[in-house]
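Each remark here refers to the structure printed beneath this line.
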Amino acid sequence: DPTDLETMTGLEVEMIDFAMSCAGLNYEFVKGPFSSLIQTVMSGATDVMIGNVNYRPERAEKVDFVVYMQSGQSVIVRRGNPRNLQTVDDLCGTVASTTVGGVSNAQIERQSARCTSGGKPAITYLPSVDQEAAMRQLANLRIDFVMDGSISAKDRAAARSDEVEIAFTILTDLVIGPVVPKGSDEMLQVVLEGLQELERNGQLQELLVKYDLTEYALPIEVRR
């Protein structure tokens with residue numbers, strides 16, 4: 001919450017609030033850089049991780065996913081779009097940043113590989129500890145664009161409308177959802193059944209409408 005940094009907000013926060021309350025569990029949110037948080041859940045130090053965690057086979061060796069959505073990704077550029085970035089092909093040869101280890105990071109890496117396989121220059125990636133750090137790199141002219149989740153990107157661009165804008169948005173084939181440590185079957189059921197109940201009672205659809213994510217929704221399922 002921009003007005004209270006101790007209060008967590010967002011789609012997955014509301015989803016997990018419902019799942020934990022539905023199971024009658026006491027819980028707390030632990031905040032931190034994406035790259036360190038995913039290690040805590042892989043090691044079993046935390047019970048659930050949220051935050052647009054994208055499914056990858058190597059991650060699924062250590063955690064189980066409850067996926068519910070495809071990832072939409074937006075390209076944020078400086079006001080006026082000085083590099084005239086209109087499509088993913090325009091990203092070849094540019095410099096980018098986003099949070100290390102997230103969906104946006106994965107999408108940049110995949111597009112960079114497509115660039116080089118097509119004989120075009122790679123995307124130079126400058127990692128950031130979080131998206132605010134990435135936005136500072138954009139403001140300081142160190143990079144050409146920031147890639148961010150489509151809804152977060154809208155908020156960030158609106159908050160800095162005199163400095164940045166969204167160049168374009170894509171729907172990726174990456175799927176996302178909360179994760180639990182491998183072997184934590186009871187917690188996996190808590191998250192799965194909580195999200196399924198949220199879907200059955202219509203509240204999930206309401207949340208997807210609230211956060212403008214209806215076009216990204218997928219059937220809820222476990223991926224291992």
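The values are calculated or read from the model by the stated rules, or taken from the named source; none is laboratory data. On a predicted model such as this, the values are computed, not experimentally measured, just so you know. In this analysis, Cβ positions are derived from the backbone assuming ideal geometry, glycine residues included, and neighbour counts consider all displayed protein chains. All accessible areas refer to the heavy atoms of the entire protein, side chains included, with ligands and DNA or RNA removed. Shrake-Rupley method; radii C 1.70, N 1.55, O 1.52, S 1.80 Å.
Overview of values
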{"item": "Within segment 98-132, tally of residues that are closer than 25 Å to S36 by Cβ, among the hydrophobic types (A, V, I, L, M, F, W, C) and crowded, with 16+ Cβ neighbours inside 10 Å", "result": "5"}
{"item": "Subset of segment 180-209 that is of a type in the set (D, E, K, R) and surrounded by 13 or more Cβ atoms within 10 Å (Cβ to Cβ) - its residue that is farthest from D17 (Cα to Cα)", "result": "K182"}
{"item": "Tally of residues being exposed (fewer than 14 other Cβ atoms within 10 Å of the Cβ) and assigned to a strand (DSSP E or B) across segment 68-93", "result": "0"}
{"item": "Test: G51 is within 19 Å of the chain's Cα centre (by Cα), part of a strand (DSSP E or B) and closer than 21 Å to T172 by Cα", "result": "no"}
{"item": "Per-region count, segment 143-179, residues aromatic (F, W, Y) and either open to solvent by 20 Å² or more (accessible area, probe 1.4 Å) or under 30 Å from T46 (Cα atoms) (or both)", "result": "1"}
{"item": "Test result for A122, touching a helix residue (DSSP H, G or I) at 6+ places or on another chain (Cβ under 7 Å), over 30 Å from M15 (Cβ atoms) and not in a strand (DSSP E or B)", "result": "yes"}
{"item": "Selection count, segment 19-50, where residues are closer than 14 Å to P178 by Cα, open to solvent by 50 Å² or more (accessible area, probe 1.4 Å) and among the hydrophobic types (A, V, I, L, M, F, W, C)", "result": "1"}
